[in-house]
Amino acid sequence: MKYTLHQLQVFLQVKETQSITKAAEELHLTQPAVSIQLKNLQDQFEVLLTELVGRKLIVTDFGKEIANAAKKILDEVQAINHKTMAYKGHLAGTLKISIVSTGKYVMPYFLSGFLHRYKAIDLVMDVTNKAMVIKSLEDHEVDFSLVSILPDHLALDKIDLMQNKLFLVSNSSMNSPRKALNKIEFEKLPLIYREAGSGTRQVMEKFLRKRNWKITKKMELTSNEAVKQAVLAGLGCSIMPLIGIRTELNAGKLKIIPVSGLPIESTWQLIWKKNKKFSPVAEAFLAYIRSEKNRIIEEEFQWSDNY
């Protein structure tokens, strides 16, 4: 067999996207180029890697096994490249982090200086909800995770990064109350929720349960951005992290509604499994965070003290 690394890379992308068109977009290739590479790889096997069912591309069971093998091969090639860089005196490798969706407003600032310092390091950062973040940590798929609510079933080590504040917000057209909303006023609000498994949703529900407040209407959306757009459109109010709405507050498009007990305050935390054996890259990142976090917070997030 004479398959190439490029053919394996193309096939792996086709398997992951289940689409030649999407694979071409991800690889910055034309669709015909992807189709040719896929055909050249298929010609080396007597068993089908993929098949068309109607207009849908399906990867066969055999194709899935080849894709798994291809991933291992490509990972080993990447490891060779990293080791080559290391022998040249450059720290190289892959840093893998999973973060909750609102963490996308936080984590890039703690990564920027590190990645500029070590240009041979690759970053893989998965942005998802809290449930999936914890699963990736539990399954040893990542080096670190960023959360604001710690799971209680894992033995973890952590570094506290910065404060996380959550406020009730509405769009600018809502009449601003002169004083904090009471129970009856709050319960009349159409409240927009994040999906189950979201840390923001857990915080919101805990706040409501503690006060025995019942809402009369709700909408459930699957990302902080979707919630923010719904609030901007006047579909309701929501309890949201301050870190994700700074631009809209400054522009007067969103406003904070005073409520007794708000803001809810928690802490963004970088976590990892206790006794984890770190790669040189992960060790370097941890050292960077410990030495630079106070400077980063002062330079990038001091504005949050005004709320």
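Every condition in (1) surrounded by 15 or more Cβ atoms within 10 Å (Cβ to Cβ); (2) within 24 Å of SER291 (Cα to Cα) holds for ASP160 except the one numbered (1). I'd like to know if region 68-84 contains one or more residues that are more than 29 Å from SER279 (Cβ to Cβ), hydrophobic (A, V, I, L, M, F, W, C) and out of contact with any strand residue (DSSP E or B) (no Cβ under 8 Å at 6 or more places or on another chain). No, every residue in region 68-84 fails to be more than 29 Å from SER279 (Cβ to Cβ), hydrophobic (A, V, I, L, M, F, W, C) and out of contact with any strand residue (DSSP E or B) (no Cβ under 8 Å at 6 or more places or on another chain). Residue under question is MET219, and the condition is that it be in contact (Cβ under 8 Å) with a residue 60 or more places away in the chain, outside the structural domain of VAL127 (by TED's automatic domain parsing) and part of a strand (DSSP E or B); does it hold? Taking the combined requirement at face value, the residue does not satisfy it.
Applying the selection to region 244-255, what residues are among the polar types (S, T, N, Q) and either under 23 Å from the mean Cα position of the chain (by Cα) or farther than 30 Å from VAL231 by Cα (or both)?
Residue satisfying the conditions is THR247 alone.
Having 1 or more residues that are in contact with a Cys (Cβ under 8 Å, 6 or more places away or on another chain) and of a type outside the set (Ser, Thr, Tyr) is the bar; report the strands (runs of 3 or more DSSP E) wholly within region 20-136 that clear it.
Numbers: elements: 50-53, 56-59, 93-100, 121-128.
Fully inside region 20-136 and qualifying: nothing.
Against the definition (among the β-branched types (Val, Ile, Thr), in contact (Cβ under 8 Å) with a residue 40 or more places away in the chain and within 19 Å of LYS64 (Cβ to Cβ)), how does VAL14 come out, yes or no? In short, yes. Listed by first and then second residue, the pairs linking a residue in region 181-202 that is free of Cβ contacts under 8 Å to residues at least 12 places away in the same chain to a residue that is not in a helix (DSSP H, G or I), with Cβ atoms under 6 Å apart and 6 or more places separating them unless they lie on different chains, are ARG201/TYR193; ARG201/ARG194. When LYS179 is tested against (1) of a type outside the set (Val, Ile, Thr); (2) surrounded by 13 or more Cβ atoms within 10 Å (Cβ to Cβ); (3) over 17 Å from SER148 (Cβ atoms), only condition (2) is not met.
Looking across region 256-285, just one residue is in a strand (DSSP E or B), surrounded by fewer than 17 Cβ atoms within 10 Å (Cβ to Cβ) and either among the hydroxyl-bearing types (Ser, Thr, Tyr) or over 25 Å from the mean Cα position of the chain (by Cα) (or both), and that is THR267.
Within region 131-169, the residues that satisfy the criterion of being of a type in the set (Gly, Ala, Ser) and either free of Cβ contacts under 8 Å to residues at least 60 places away in the same chain or under 19 Å from PRO241 (Cβ atoms) (or both) are ALA131, SER136, SER145, SER148. The residues on offer are ILE245, ILE271, ILE239, ILE257, and the sole one that is touching a Leu at 6+ places or on another chain (Cβ under 6 Å) and in the same structural domain as LYS135 (by TED's automatic domain parsing) is ILE271.
The values are calculated or read from the model by the stated rules, or taken from the named source; none is laboratory data. Since the model is a prediction, treat every value here as computed from it, not as a measurement. Cβ coordinates were reconstructed from backbone atoms using ideal geometry, including for glycine residues, and neighbour counts include every protein chain displayed.
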